[in-house]
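Student: Structure incoming, see below.
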Amino acid sequence: NGFIHEGKGKYLEQAADSYMEYTENGQFIDRAILVAPTHDEGDKLTDAVREKLKAHGSIKGTGQTKEVFRSWGWPKARVRNAENYQPGMTLAFIRNMKGIAKAGETTKIVGTDDGNLILDNGKTLYAKRCSEFVEVGERREIELCEGDLIQFNVNLRNRRIYNGNIAMITAEPGK
């Protein structure tokens, strides 16, 4: 029926197999979408699919490890409340915020003080005014190989990168 269903035990492996079948080994990625209830399960499912794509040759070789930002998808009301923040959390700026950071930059929170977020770049940000400018989440490392697809979540007009764009990793950067 076109849906990948949760199963017992090896459901992530079964989902990866179904993804490969529906997309003809990753050639037609618009034919299927993978959904997992948690980031942890999503990471495991991604790993299972990547192994199969590598075995099939859709993703080539050993890649480079890159640090990326993963949003936790907080609603704006939660972003505006300084009580929700802990040291070590990461903010990604999705728009330029004059005097604080530019779109595409990330910074860690080192503390909070009277509704303000104290950032590791030496700046202080009033939490109630930042929800239109930031996403809250974490930095993590991922492997990127030739053939991988990535999706951007920021606008960087000078580099012709726009929110939602999908790009393929090539052997020759910039191509």
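Student: Is there a residue in segment 105-116 that is of a type in the set (D, E, K, R), surrounded by fewer than 13 Cβ atoms within 10 Å (Cβ to Cβ) and on the phi > 0 side of the Ramachandran plot?
Tutor: Yes, segment 105-116 contains at least one residue that is of a type in the set (D, E, K, R), surrounded by fewer than 13 Cβ atoms within 10 Å (Cβ to Cβ) and on the phi > 0 side of the Ramachandran plot.
Student: Checking the condition in contact with a strand residue (DSSP E or B) (Cβ under 6 Å, 6 or more places away or on another chain) and either open to solvent by 70 Å² or more (accessible area, probe 1.4 Å) or farther than 26 Å from S131 by Cβ (or both), which residue from K98, K44, K66 passes?
Tutor: Going through K98, K44, K66 in turn, just one is in contact with a strand residue (DSSP E or B) (Cβ under 6 Å, 6 or more places away or on another chain) and either open to solvent by 70 Å² or more (accessible area, probe 1.4 Å) or farther than 26 Å from S131 by Cβ (or both): K66.
Student: From the list T38, T124, T112, T106, pick out the single residue that is among the polar types (S, T, N, Q) and within 22 Å of L144 (Cβ to Cβ). Walk me through how you get there before you give the answer.
Tutor: Working: T38 fails: within 22 Å of L144 (Cβ to Cβ); T124 fails: within 22 Å of L144 (Cβ to Cβ); T112 fails: within 22 Å of L144 (Cβ to Cβ).
T106 is the lone residue from the list that is among the polar types (S, T, N, Q) and within 22 Å of L144 (Cβ to Cβ).
Student: Does any residue of segment 132-148 turn out to be out of contact with any His (no Cβ under 9 Å at 6 or more places or on another chain), among the aromatic types (F, W, Y) and surrounded by fewer than 18 Cβ atoms within 10 Å (Cβ to Cβ)?
Tutor: No, every residue in segment 132-148 fails to be out of contact with any His (no Cβ under 9 Å at 6 or more places or on another chain), among the aromatic types (F, W, Y) and surrounded by fewer than 18 Cβ atoms within 10 Å (Cβ to Cβ).
Student: Are there any pairs, at least 6 apart or on different chains, whose C-beta atoms fall under 9 Å, with the first in segment 54-69 and of a type outside the set (D, E) and the second surrounded by fewer than 11 Cβ atoms within 10 Å (Cβ to Cβ) and modelled with pLDDT of 90 or more, and if so, which?
Tutor: Cβ pairs passing all conditions: T65/E141; K66/E141; V68/E141.
Student: Same structure again: Which of the residues belonging to segment 40-98 are part of a strand (DSSP E or B), of a type in the set (D, E, K, R) and over 14 Å from the mean Cα position of the chain (by Cα)?
Tutor: The one that is part of a strand (DSSP E or B), of a type in the set (D, E, K, R) and over 14 Å from the mean Cα position of the chain (by Cα): K60.
The values are calculated or read from the model by the stated rules, or taken from the named source; none is laboratory data. What you see is a predicted model; the values in this text were computed from it and never measured. Cβ sites come from the backbone with ideal geometry, for glycine too, and all protein chains shown count toward neighbours. The protein model used for the area step is the full one, side chains on, heavy atoms only, and it has no ligands, DNA or RNA in it. Shrake-Rupley method; radii C 1.70, N 1.55, O 1.52, S 1.80 Å.
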